[in-house]
1. Considering only region 458-486, how many residues are among the acidic types (D, E) and within 15 Å of D560 (Cβ to Cβ)?
2. Pull out all pairs, ordered by first then second residue, where Cβ-Cβ is under 7 Å, the residues are six or more apart or on different chains, the first lies in region 208-220 and is more than 13 Å from G182 (Cβ to Cβ) and open to solvent by 10 Å² or more (accessible area, probe 1.4 Å), and the second is small (G, A, S) and in a loop (DSSP other than H, G, I, E, B).
3. When the residues of region 400-416 are narrowed to those that are among the aliphatic types (A, V, I, L, M) and buried (at least 23 other Cβ atoms within 10 Å of the Cβ), which ends up farthest from the ligand (Cβ to nearest atom)?
4. Could you say which residue among R428, R473 is basic (K, R), surrounded by 21 or more Cβ atoms within 10 Å (Cβ to Cβ) and at pLDDT 95 or above?
5. Do we have F430 as more than 13 Å from the ligand (Cβ to nearest atom) and outside any helix (DSSP H, G or I) here?
6. L198: open to solvent by less than 60 Å² (accessible area, probe 1.4 Å) and either aromatic (F, W, Y) or modelled with pLDDT under 95 (or both), yes or no?
7. When you go through (1) within 13 Å of the ligand (Cβ to nearest atom); (2) under 23 Å from C2 (Cβ atoms); (3) touching a residue at least 12 places away in the same chain (Cβ under 8 Å) one by one for N601, which number turns out not to apply?
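The values are calculated or read from the model by the stated rules, or taken from the named source; none is laboratory data. Note that the structure is a prediction, hence the values are computed from the model and not measured. With ideal geometry, Cβ positions are generated from the backbone for all residues, glycine too; neighbour counts draw on all protein chains shown. Ligands, DNA and RNA are excluded from the accessible area calculation, which covers all protein heavy atoms including side chains. Shrake-Rupley method; radii C 1.70, N 1.55, O 1.52, S 1.80 Å.
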Amino acid sequence: MCGIVGYVGNGSAREIIIDGLKKLEYRGYDSSGIAFGTGNNLEIRKCVGRISNLETLLSKENLDSHIGIGHTRWATHGAPSDANAHPHSNMDESIAIVHNGIIENYVELKEMLINEHGVVFKSETDTEVIAHLLGVLYDGDLEEAVWKAVEMMRGAYALVAIHKDEPDKMIAVRKDAPLIAGLGKGCNFVASDIPALLKYVREIYLIENNELIVVTADDVKIYNAERKPVTREVFHVTWDVDAAEKGGYDHFMLKEIHEQPKGLEDTLVRRLNDNGEIVLEGITMTKEDIENFNKVYIVACGTAYHAGLVGKAAIEKMARIPVEVEVASEFRYRDPFVDDKTLFIAISQSGETLDTLAALREAKSKGARVLSVVNVVGSSVARESDDVFYTWAGPEIAVASTKAYTTQLMCMYMIGLYMGLTKGTITREFYDSYIEELKAIPGKLAKVLENEGAIENLAKELYRREHVFFIGRGPDSGVSLEGSLKLKEISYINSFAIAAGELKHGTIALIEQGTLVIALATQDKLFEKMLSNIQEVKARGAYVIGVAKDGNKDIEKQADKTIYIPECIDEITPLLSVVPLQLLAYYIAKLRGCDIDKPKNLAKSVTVE
Ligand code: G6P
């Protein structure tokens, strides 16, 4: 979590860093700060709240410089407060640092600093330990002090340090937390992620784990853990700046919901050849490899985990291999059955989620073949996987994931189809008709979006509710989980999802007069069963919003209101049915006055355990 930006060069550090931090607010936004090197001193300004608070604070004086480091925080150690905000400094305030991640042995280091060096701490953060550690290790060379500190610290972190007596230099280190360097003309940058720098540079270095960089206005030097200089290829960013801006929409989330037809089309079409065959460019999975797998694990967090549930059904049905889906934070601590006959699929929008990354490493160390489904090119998950199946969602900024989810679903169907066809467990005829169904999805999704006004009206009717249940069967049960997550994370309504058939085993006790139930009934095979489940909750007084395929009008006999989605085969309805739920969550949250793109307590990229 947390976002870092650093700048050294001939421009205004203040303007560039504030601008970059705003682009990184998705990484955390409970407090922010900047340290400027003023030639013979350091000036630190920081405060609790959004970046706009920092701007107000800075507007009271004429402070700027050619060098500075900035930070936007998502609290781990110590509540959001001015004192806990970064940058942090050592006792004589000669060093300033910003940090993303966790120093696991900070208690031990803190005790050593207090007992042996008489250090007095001003915050509750683990980060302040790094500043004081550098302070006691500094002997006229900041780079040397950082090398020594790295040897003493355990954990996952990216950090940037400046010293008042070395006024033209930033030292940064990466260990299991993202860090990039931007290459400008007469200036250079460091940051946690590309959007922070897009306005200024397109040439970047992706910094690898355990590397230290020395950044001056004219140069970026990279060193590996053995302190040997490293030559890195320049990565040229091709994104459109607009893709990382709101483009006329009120919120990134709404823009991203509307980008789904394009994202799905790109994800599918870019991997299809003229014969409709899936081309796994850059993926080296052979027929023998696929035949060798006797088990698949799909591991992810949050929304990506929900995409994994759909992936399980697709791979089991088409490739006839047993699939387990698990949240990454559970997988890594339970000694799972993984060997060289296991295919491990990690799904991650950011490619930086620490739990997912750690689970991937665990599986890899036990011999699994690792395939990842990732949106951010060059991210840690992508780099550490054997093969990567990129989603083509483009940058996703809103904390609540929408287009990343649907493009992840598209990848899961494609992986299932590819494995099934290669292994011979599905016929070419089945494959071709499935691909045709998938090709029709972007157009059908555009139709779902045309219904936005009706969903906004529904939101007006429902936004004061405080409890909601989502129910569904088969693929609809996975979508219920995702619909429920969308609603709770941005509107703070207490929402709960459960497989419809499981309701009667306990949860139905909570249904009373007027309880809102959103019932997904898009599965032809399970439609009648769902009608029975709707009847059960109706009989106890529930108010039911149904989601069904066009034409399944019988639902109107049971549900109070119905949202229709276009006809398609049962397995792929999640690509369509999730969209009205995203829109409903969006409009409900808007009517409740919530901060939609940056919900409280959440962050988009969770790089802590
Ligand atoms: C955070 C985000 C979620 C996301 C999850 C996994 O919790 O708020 O939207 O689904 O992390 O992120 P990843 O980048 O690994 O998909």
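1. So the answer is 1.
2. Matching pairs, first to second residue: N210/A225.
3. I415
4. When all the criteria are applied, what remains is R473.
5. no
6. It is true that L198 is open to solvent by less than 60 Å² (accessible area, probe 1.4 Å) and either aromatic (F, W, Y) or modelled with pLDDT under 95 (or both).
7. Of (1) within 13 Å of the ligand (Cβ to nearest atom); (2) under 23 Å from C2 (Cβ atoms); (3) touching a residue at least 12 places away in the same chain (Cβ under 8 Å), only one is false for N601: (3).
Quick grid of which residues meet (1) open to solvent by less than 20 Å² (accessible area, probe 1.4 Å); (2) within 24 Å of I102 (Cα to Cα); (3) within 13 Å of the ligand (Cβ to nearest atom):
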site	(1), (2), (3)
I315	yes, no, no
E324	no, no, no
L343	yes, no, no
A346	yes, yes, yes
S365	no, yes, no
